[in-house]
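A short worksheet on the structure shown next.
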Amino acid sequence: MTKAHFGLVGLGVMGENLVLNAERNGFSSVVYNRTYSKTQSFLLGRGADKNISGAIDIEEFVQKLDRPRRILMMVKAGPATDAVIKQISPFLQEGDLLIDGGNAQFSDTERRVAELESQSFGYIGMGVSGGAKGAFEGPSMMPGGTKSSYEAIENLLNKMAAQVEDGPCVSYIGPGGSGHFVKTVHNGIEYGIEQILAESYDLMKRVCGMKGEQIADVFGFWNNTEELSSYLVEITEICLRKKDPEDGDDLVEKIMDKAGQKGTGLWTVISALELGASVPTIYSSLNARVMSSMKSQRENAESILARPSLRPFDLGSVSDGMSPLMDAVVLATIASYAQGMDLLKLASSEYNYELHLPSIAQIWKGGCIIRSRLLKRIQDAFNDDPNLTNLVLDPWFANQVSSRLPGLAKVVAGAAESGIPLPCLSSSLDYLNSYRTARLPQNLVQAMRDCFGSHTYQRVDRDGSFHTEWLG
Ligand code: 6PG
């Protein structure tokens, strides 16, 4: 019997779609799932009449694979992944390769790469983005680990990935846990953009009294612009047009305003804090989810704490794409990407990942959740200047900041007067205002620290470390 080229462990939604993608691209496959009934129903259903076979146990699964074995694990991050590795390792041989395609914590991947490679197996930690549809049609993939391990699956991944004008949306990211680190940051940016779009919907609804279809028209307009054309804007329009089949009302209005999270946004923020990266837009989106989940507290507080009454202000018209609001959304989106890229840069030097930012922007241009036309500009910016300190210093982005800041400021100020929270839009404004301010008031913070704790300070007019007896 000829052996299969590719093996998949874990027939969840992503696993199922990825193996169908591999098979469609000419790679015979074998699948294993902890519960065999799931394997059976897959083989009788979507996996029927395909070059895909099933295995009842891990040993049979491994035996059915051609060597070196290429095994993709699509299982829950954390202990479940460790359990699969433990179960499968005794059957592997030198050179065989395990790929973790889940949303693993990058530090777990670092550990697993070291452990597995010490046993002469290859280990790739690979971020996969695009949801179920992307997994089937072509996701964006971020594989990290040793280069030689990557080379064993390069052809497979190139064919499975989404394709954009300059190639497949996959490339070798770097050593160790770098692939999962990049995916984590991708998700941090994703959190930021989702929240930015939610805030803009809230403004159109509450300040302008617009209804779902009208708001959807604005997202449709935005999706036709270079600055905002993106998958997330596209699906926002779709979500806003969806009706509740029961009564024909806008379905979005029936959804509980509590956002869930699976951890990657939190990991992005933790990494940023550890590395000293400034990511206020991303942090604010995470905090907005935390605050949203405090539903009963918010209901109680709304009845106790006074709120300013709504003071409508000019947000533009649908025909001009709500111009000031569009300015705000564009700049906050740019801030989200800029912060993510900055975090990647810091992580690259701290962990010796040698990340190539233009390639990362390139593989995010298709297949993934944060795909957008803006990513071409981001790719160009880091290609033009590999030492670019911050995305907003690139001439095209700097021009966006200069021309759109008044719009963002107007939106944030107007919302503040009406008591409408804009966590991401307002923190993006602060981010940009802080970043373009050469002298910030932290001189006074330094004075206080030295006053109560003799923490010393530096001076602007001479070198050295100084202490003053402030209370003497
Ligand atoms: C992707 C997504 C995906 C992520 C979900 C849920 O790139 O396809 O990032 O990997 O798991 O979006 O994330 P949250 O539940 O944390 O919002």
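Compared with the dominant principal axis of the Cα atoms in the chain, helix 212-222 is inclined by about 80°.
Remark: relative contact order (the chain) = 13 percent; criterion is Cα-Cα distance under 8 angstrom and separation of 6 or more residues.
Relative to the longest principal axis of the Cα atoms of the chain, the long axis of helix 442-453 lies at roughly 90 degrees. When Thr109, Thr389 are compared by accessible area of protein heavy atoms, the largest-first order is Thr389, Thr109, using a 1.4 Å probe. Using a simple spin-label model with pseudo-atoms 7 Å out from Cα toward Cβ, His467 and Ala80 lie 5.5 nm apart.
Residue separation of Asp49 and Glu302 scaled by 0.36 nm, minus their Cα-Cα distance, works out to 85.3 nm of gained length. Helical content of the chain, expressed as a calculated mean residue ellipticity at 222 nm, amounts to -16500 deg cm²/dmol (DSSP H runs of 4 or more residues, -39,500 (n - 2.57) each, divided by residue number, nearest 500).
With a simple spin-label model that places each label point 7 Å from the Cα along the Cα-to-Cβ direction, the separation between Lys3 and Leu393 comes to 5.2 nm. Among beta bridges from DSSP that stay inside the range 6-176, the antiparallel ones total about 30%. Over the range 6-176, the ratio between the Cα radius of gyration and 2.2 N^0.38 Å evaluates to 0.94.
Using modelled amide H (1.01 Å from N, peptide plane; none on Pro or chain starts), what sits under 5 Å from the amide H of Tyr123, excluding residues fewer than 5 places away? Here the answer is Leu98, Thr146, since their amide H atoms fall under 5 Å of that of Tyr123. On the beta carbon distance between Ser118 and Asp166, with R0 = 30 Å, the FRET formula returns roughly 0.20. The angle separating the long axis of helix 106-118 from the principal Cα axis of greatest extent in the chain is about 30 degrees. How much of the accessible area of the chain, in percent, comes from carbon and sulfur atoms when a 1.4 Å probe is used? Roughly 52 percent of what the probe reaches on the chain is carbon or sulfur. The range 250-304 and the range 4-41 have Cα centres spaced 34 Å apart. If you find the alpha carbon centre of the range 89-115 and of the range 439-457, how far apart are they in angstrom? Here the answer is 47 Å between Cα centres.
A 1.4 Å probe run over the chain, with the rest of the protein chains in place, finds 46 Å² accessible per residue. 3J(HN,Hα) along the range 296-312: 5, 4, 5, 5, 5, 5, 4, 7, 9, 8, 5, 10, x, 6, 4, 10, x Hz, from the Karplus curve 6.51 cos²θ - 1.76 cosθ + 1.60 with θ = phi - 60°, whole Hz, x for Gly and Pro. For Ser53, the residues whose amide H sits under 5 Å from its own are Ser29, Val30, Val31, ignoring neighbours fewer than 5 places away on the same chain, with H placed 1.01 Å from N. Backbone geometry of the range 336-348 corresponds, through the Karplus equation with coefficients 6.51, -1.76 and 1.60 at θ = phi - 60°, to 3J(HN,Hα) couplings of 4, 5, 4, 5, x, 5, 5, 4, 4, 5, 5, 5, 4 Hz, x marking Gly and Pro. Secondary structure note: in the chain, about 35% of the DSSP beta bridges are antiparallel. By the Stokes-Einstein formula, at 1.567 mPa s and 4 °C, the chain with its Kirkwood radius over alpha-carbon pairs has D equal to 53 µm²/s.
When only alpha carbons are used to place a centre, the range 346-377 and the range 130-165 end up 14 Å from one another. Computed from backbone phi with θ = phi - 60° and the Karplus coefficients 6.51, -1.76 and 1.60, the 3J(HN,Hα) list for the range 4-12 is 7, 7, 9, x, 10, 10, x, 8, x Hz; x is used for glycine and proline.
The values are calculated or read from the model by the stated rules, or taken from the named source; none is laboratory data. In this text, all values refer to a predicted model and were calculated from it rather than measured experimentally. Note that we place each Cβ from the backbone using ideal geometry, even for glycine, and neighbour counts take in every protein chain shown. Accessible surface is based on the protein model in full, side chains and every heavy atom, while ligands, DNA and RNA are left aside. Shrake-Rupley method; radii C 1.70, N 1.55, O 1.52, S 1.80 Å.
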